[in-house]
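The values are calculated or read from the model by the stated rules, or taken from the named source; none is laboratory data. All values reported here derive from a predicted model rather than from experimental measurement. Every residue, glycine as well, gets a Cβ built from its backbone with ideal geometry; the counts of neighbours run over all protein chains shown. Heads up: the accessible areas ignore ligands, DNA and RNA and are worked out on the full protein's heavy atoms, side chains in. Shrake-Rupley method; radii C 1.70, N 1.55, O 1.52, S 1.80 Å.
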Amino acid sequence: MEPEKIKRMESARNASIPLKRIAYFLCFLSVLLLTEGKKPTKPKCPALCTCTKDNALCENARSIPRSVPPDVISLSFVRSGFTEILEGSFILTPSLQLLLFTSNSFDVISDDAFIGLPHLEYLSLANNNLQTLPKDIFKGLDSLTNVDLRGNSFNCDCKLKWLVEWLDTTNATVEEIYCENPPEYKKRKIRSLSSKDFDCIITEFAASQLLPYQSLSIDTFTYMNDEYVVIAQPFTGKCIFLEWDHVEKTFRNYDNITGTSTVVCKPIVIETQLYVIVAQLFGGSHIYKRDSFANKFIKIQDIEILKIRKPNDIETFKIENNWYFVVADSSKAGFTTVYKWNGNGFYSHQSLHQWYRDTDVEYLEIARTPQTVRTPHLILSSSSQRPVIYQWNKSTKLFTNQTDIPNMEDVYAVKHFTVKGDVYICLTRFIGDSKVMKWGGSSFVDVQRMPSRGSMVFQPLQINNYQYAILGSDYSFTQVYNWDAEKAKFVKFQELNIQAPRSFTHVSINKHNFLFASSFKGRTQIYTHVIVDLSA
């Protein structure tokens, strides 16, 4: 569902309400004008109705008559043949105080069906075929003192959530009514339900914008109080920077850095200065600085080519007020290396190991016991060994080899997330099942397996209070999972059609949430995170 379409529908709906009320008023006014100055005629009782001075009883009526005498104060329908009560059905009988529908066959009541009845005191809709009621059915009925809704087969879903809330606030006397559906609420008193019993908020990722190029890494960052997105394009060798167009409501080009076979463009803002680490497969990797006076990026440093031969991933982090970044090198002769900011540039701080062909590096903080403080860790994924966990040594200011994750060979990448203080990781495997694991204090333990043939990205991300995990595939649809708090695991949520996805990134701008999906073989896609209230 497109967000703009939702907004237009909502605006049209809101706008139509006052227009309808105006139309009903004009209709009523036209009747008065047409009769003004004419000799009063005796009101006629409609066919299939029996009328007295101020009462009318209609049996087997095929429709709600428009010719009911306007001074009738009590109107009843029994065993009628109509299936719907239309909007403004009683606009010409404003004096009604009593309105009864008993044992009829209608199952739909339109919005504003009872508009124009300011004196109505009693309304019975008992013993009909109603399963739900429109949200504003009682709006404007300020004199209402009694309502009878018994004998209907109410479906207690989100469309009826408003009724539960109304029953708690109305001063009218309402006879006891019960749910017929869903099965878990069958025969339960509607008055016994609360708003918390209804899960009416749903979300989805709706296609928003296509970018006409392939991509690998996508990162977002804040610079000079604005949000930006940077995308690595491997075939053009560019880092493309995007900014939000507040007028057109789309992302547009801001700037670019041109290189060769670019695989990662990693931004890092130190104090107020923006730097970008550009990792390339050929021609070496470099660090650029944003020159605010020249309004462009300037290369300030080369990354030593003897250590970083085939970069595959970059992670930035801060420990004890010092900035670092680490490059995972996937070549047979390269070193995965940690670099530290010294005030003027980045210098090699630590080489973790060599010749392991690391494909991914993840920074996270975990505690060995619930009572201890969380400490920095790195998890390296590799083509030649199981994921290795390194722990930060506060004394030496270095990462030390700690342990590996058992029984998880061929892990391409590891990404972490937290739920209520607990640390979890998503492990991506191209062959075999990907996994969700939870930190147990001394090791990670299994939580869940996901079939993932052809997967190179399993990205957890949080949007507002929603925790997702997105599992891409080169051979099938991308699977979006949503975290189920009661089950303490992910459940299938949505499928996305993305060619060879390599990364998923959440971007938040002006209270709008977007999902950027990179594609190695197709076009980069942007989705909008849409929230819909089914009870509205």
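Summary table below
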read-out	value
Scan of segment 412-434 for residues that are part of a strand (DSSP E or B) and either without any contact (Cβ under 8 Å) to a residue 40 or more places away in the chain or hydroxyl-bearing (Ser, Thr, Tyr) (or both), ordered by number	412, 418, 422, 424, 428, 429, 433, 434
Matching residues in segment 367-400 - criterion: being assigned to a loop (DSSP other than H, G, I, E, B) and aliphatic (A, V, I, L, M)	367, 373
Filter result for residue 153 (at positive phi and open to solvent by 50 Å² or more (accessible area, probe 1.4 Å))	no
Qualifying residue in segment 125-145 (condition: surrounded by 19 or more Cβ atoms within 10 Å (Cβ to Cβ), part of a strand (DSSP E or B) and at pLDDT 95 or above)	no
Meets criteria (assigned to a loop (DSSP other than H, G, I, E, B), in contact with a strand residue (DSSP E or B) (Cβ under 8 Å, 6 or more places away or on another chain), open to solvent by less than 50 Å² (accessible area, probe 1.4 Å) and among the hydrophobic types (A, V, I, L, M, F, W, C)) for residue 408	yes
Residues that are in a loop (DSSP other than H, G, I, E, B) and within 16 Å of residue 109 (Cβ to Cβ), drawn from segment 68-80	80
Odd one out for residue 163 among (1) over 35 Å from the mean Cα position of the chain (by Cα); (2) outside any loop (DSSP other than H, G, I, E, B); (3) at pLDDT 95 or above	(1)
Condition met for residue 337 (open to solvent by 10 Å² or more (accessible area, probe 1.4 Å), β-branched (Val, Ile, Thr) and in contact with a strand residue (DSSP E or B) (Cβ under 7 Å, 6 or more places away or on another chain))	no
Residue 180 being part of a strand (DSSP E or B) and surrounded by fewer than 18 Cβ atoms within 10 Å (Cβ to Cβ)	yes
Inter-residue pairs, beta-carbon under 6 Å, first surrounded by 13 or more Cβ atoms within 10 Å (Cβ to Cβ) and in segment 187-203, second part of a loop (DSSP other than H, G, I, E, B), 6+ apart	190/177; 200/534; 200/535
Of all residues in segment 455-485 being in contact (Cβ under 8 Å) with a residue 60 or more places away in the chain and open to solvent by less than 10 Å² (accessible area, probe 1.4 Å), the one that is nearest to residue 429 (Cα to Cα)	480
Of all residues in segment 348-363 being closer than 9 Å to residue 382 by Cβ and of a type in the set (Ser, Thr, Tyr), the one that is modelled with the lowest pLDDT	356
Among the residues listed as 381, 330, 395, the single one being free of Cβ contacts under 8 Å to residues at least 60 places away in the same chain and over 26 Å from residue 276 (Cβ atoms)	395
